[in-house]
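Written out below as structure tokens is the structure these notes cover.
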Amino acid sequence: MIDIARHAGEGPVPTSDIARRQGVSAGYLERIMRRLVSAGLVSSRRGPGGGYVLVRPAARVSLADIVAAGGERVVSTPCTDEECGGVCPLAGDCPARAVWSGLNEASARYLGRQTLGGLVEQHCRAGGGSTKNGLRPLRSATGS
């Protein structure tokens with residue numbers, strides 16, 4: 001997602017370019033991209049000049065959206081899951097469960113407030129934008 005956001009002004013970003021810059025296999029990346037398409041975060045354009053584009057501006061894509069698209073949840077401990085009762089004998093009366101639940105909720109809120117655009121801009125301001133991982137600063141990844 002960062003790679004696509006960083007190259008957004010150049011048109012669709014080919015999977016082969018992303019895979020090369022990020023050092024991952026094209027097959028692995030295609031599986032990830034299918035999830036991102038299904039989640040409505042990117043769209044694909046086939047044919048010559050094809051690739052992936054963000055569906056909405058990077059400033060409107062939260063990191064929570066990206067984590068959820070990957071089928072993941074951000075949890076600090078599994079004991080806050082409903083399944084905990086089958087694993088932990090203290091699940092019904094756990095004194096620490098509220099603490100872990102609060103930490104999970106705070107993490108989810110934090111990721112919900114962080115945006116892809118903000119992450120890209122922060123990376124550029126920190127001086128990490130020249131060519132690291134094939135990423136270079138854009139005029140504006142936040143859509144402003």
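One residue alone among GLY50, GLY112, GLY102 is surrounded by fewer than 17 Cβ atoms within 10 Å (Cβ to Cβ), under 15 Å from the mean Cα position of the chain (by Cα) and of a type outside the set (D, E, K, R), and that residue is GLY112.
Within the range 1-36, being within 15 Å of GLY50 (Cβ to Cβ) and not in a helix (DSSP H, G or I) holds for HIS7, GLY11, PRO12, VAL13, PRO14.
For ARG6, the conditions (1) surrounded by 17 or more Cβ atoms within 10 Å (Cβ to Cβ); (2) under 22 Å from ALA108 (Cβ atoms); (3) within 15 Å of the chain's Cα centre (by Cα); (4) at pLDDT below 95 are fulfilled apart from (2). Pairs linking a residue in the range 1-22 that is among the charged types (D, E, K, R) to a residue that is surrounded by fewer than 17 Cβ atoms within 10 Å (Cβ to Cβ) and not in a helix (DSSP H, G or I), with Cβ atoms under 7 Å and 6 or more positions apart or on different chains, are ARG6/ARG136.
The values are calculated or read from the model by the stated rules, or taken from the named source; none is laboratory data. Note that this is a predicted model, so its numbers are computed, not measured. Methodologically, a virtual Cβ is constructed for each residue, glycine included, from the backbone with ideal geometry; neighbour enumeration extends over all protein chains shown.
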